[in-house]
Structure formats: C-alpha cells, structure tokens
Amino acid sequence: MSLVQELRPGRLFLSSLDHDSEIVASITALAESLGVEVGAVSAIGALKRATIGYYDQETHEYRAIEIDRPVEISSLSGNISIRDGKPFLHAHATLADSQGNVRGGHLSSGTVFAAEVFIRELCGRPPTRTHDPTTDLFLWSDGD
C-alpha cells in the first residue's frame, strides 16, 4: 500500500450548479472558492452532453467517449485533492439516456442542464497528485 493518510471530517456543502456551466470546471471552482483542498464529491442531475473516458492501460491514453445528447447523472462520485498547487477534481460518472441505457467512466466534461453537488471536506494534510511513471497517471502521494 503506497499511501494511507488519516483525515478528519470537515465541513459539508450542498450546491446547485448554473445551467449551461461546465460541470468539472464548476465543481473545481466551487472547491477552490470554499477552500476545500481534500474531500469527497457526489452529484445528481442532468447534462445536455458529456465526455467520459476510459484509460487504456497499455497505451497510457484516455479514450474519449462523446455523448452528444441529454443524459441523467445516475451517479457521480469523486474526490478533490491537490495537483499543481490547487484543488483538482477526479470524478467518475454513470450517465443514463432517455431509454435507460447507461454509459460510465472518467468524467472529462459535461454541460449542465441541472446539477446538485455534495462536497464533504476532509481536514488534514491533503494528498498531492504527482506523476507515476508506471501508470503515466497523476496519483496520490504524501508529498514527501
């Protein structure tokens, strides 16, 4: 196990995002404006369109899955930590279309129709994302 870090529960926030805003940027900006450096995020609502991704472990590249139609956010789960000195959102989403067909993956972007976000702040030294040469991803480290 490369990182285990004990944190304490902090503040809790509920927020609705602006219509037509970009969901990842909006949640990131919200965390930054509230001073949340580490926490858990969940959300429900609907997006006008979205891009999710799948990380190809062999090529070390994200494969984009474009969803160019309205979808419900069945589930959005993620975390906030520090990358390049500021709050960074890492989120995965399960999105359902009008027929109930579901697609899921790493949430890259999405245009908000309506979205309600819950942020649970965690207090203590936040993990920092640093480049991991094995996976070519930015993973948590203790900053040392």
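The values are calculated or read from the model by the stated rules, or taken from the named source; none is laboratory data. Keep in mind the model is a prediction, meaning the values are calculated, not measured. In this analysis, Cβ positions are derived from the backbone assuming ideal geometry, glycine residues included, and neighbour counts consider all displayed protein chains. Each accessible area value is taken on the protein alone, full model and side chains, heavy atoms only, with ligands, DNA and RNA left out. Shrake-Rupley method; radii C 1.70, N 1.55, O 1.52, S 1.80 Å.
For this structure, a couple of remarks:
- Of all accessible heavy-atom area on the chain, the percent that carbon and sulfur account for (1.4 Å): 51 percent
- Residue-normalised accessible area of the chain, given per residue in Å² at a 1.4 Å probe: 59 Å²
- Ligands, DNA and RNA excluded, the heavy atoms of LEU14 present near 150 Å² of accessible surface to a 1.4 Å solvent probe.
- Spin-label proximity, HIS19 to segment 41-79 - amide N less than 19 Å from point 7 Å beyond Cα toward beta carbon: 44-50, 69-73
- Theoretical FRET efficiency, 1/(1+(r/R0)^6), r = Cβ-Cβ of ARG8 and THR135, R0 41 Å, to 0.05: 0.90
- In this Cβ point-charge picture (+1 for Lys and Arg, -1 for Asp and Glu), the chain has a dipole of about 360 debye about its Cα centre.
- Residues GLU116, GLU37, ordered by accessible area of protein heavy atoms at a 1.4 angstrom probe radius and largest first, appear as GLU116, GLU37.
- When the chain is described by a simple charge dipole with +1 on each Lys and Arg Cβ and -1 on each Asp and Glu Cβ, the residue from ILE27, GLY110, GLY10 located farthest towards its positive end is GLY10.
- Solvent accessible area, Å² - ILE44, 1.4 Å probe, full protein context: 90 Å²
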